[in-house]
Amino acid sequence: MRITKKPEVRKKELIEAAKFLFEKNGYEQTKIIDITRHIDVAKGTFYHYFESKNDILTEIVRVTLDDILDVAHQLNENPSLSGLEKIRLLLHSDKITEDLTRQAVTHLEMPDNRALQEKTAVETIKSLTPIIVSYLNQAYQEGEVTKIDDAEEKVEIILSAAHFLIDAHLFEFTDLELTNRHYVIWYTFESMFGIKEGYFSTFYKK
């Protein structure tokens, strides 16, 4: 006899089961029936909350991004910080530029989890872009940013480049090579928005 649980509890159980199985067996290898069997519920229960396996994958990513977004919004509401200070705290303290994917999801080294890695990266970039743009707009008003045109597109390019260049599955950089690429990415960011040279890039300069 199955126990009836509150909808929010059951949904959370499905998400946790899916995340566990994706990490253990790989996204492609995990079937919906595996998820429902893991917590002993009927397959129809899954479809009550999610339309597909990709749908629950999106929800996993959303949940795992909450901590990052909470930090970002807290910074955005702090009146004592300048716009550029908020960007630096967000990107350096949380090391988002070092690995956008691993910030949100852990234990994803298996090749089968590439879908989860990529989904996480895309959703992270989509979520962070408007927050960083809001910081840039503040910095523009404060006179620390002199070019604000096409801000959203530029931020997306920078975050995408940062993720792609530090992807351990694509490149095998030495620590020095990786540091140099971070430097170039943030030097480009400074140039794009007319930010004082070295404000971000000096952090990676050796």
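Read-outs throughout are calculated quantities, based only on the coordinates presented, and are distinct from any laboratory measurement. Not measured: the values here are computed from a predicted model. Cβ atoms come from the backbone with ideal geometry, glycine included; neighbour counts cover every protein chain shown.
Listing for the model above:
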item	result
Stretch gain in nm, segment Phe164-Asp55, where the contour uses 0.36 nm per residue and the Cα spacing is subtracted	36.8 nm
Proxy reagent accessibility, fewest Cβ within 10 Å first, across Phe22, Phe164	Phe164, Phe22
Long-range tail of P(r) for the stretch 118-182 (Cα pairs > 14 Å, %)	64
Extension reserve of the Tyr47-Glu142 stretch, reckoned as 0.36 nm per residue once the Cα distance is removed	29.2 nm
Under Karplus coefficients 6.51, -1.76 and 1.60, residue-wise ³J(HN,Hα) of the stretch 36-43 in Hz, glycine/proline x	5, 5, 4, 10, 6, 10, 6, 4
Given charges at beta-carbon only (K, R positive; D, E negative), |dipole| of the stretch 7-49 in Debye	80
Distance violations [Cα-Cα > 19 Å] among Lys19/Lys53; Lys24/Lys53; Lys12/Lys53; Lys19/Lys43; Lys19/Lys126; Lys12/Lys43	Lys19/Lys126
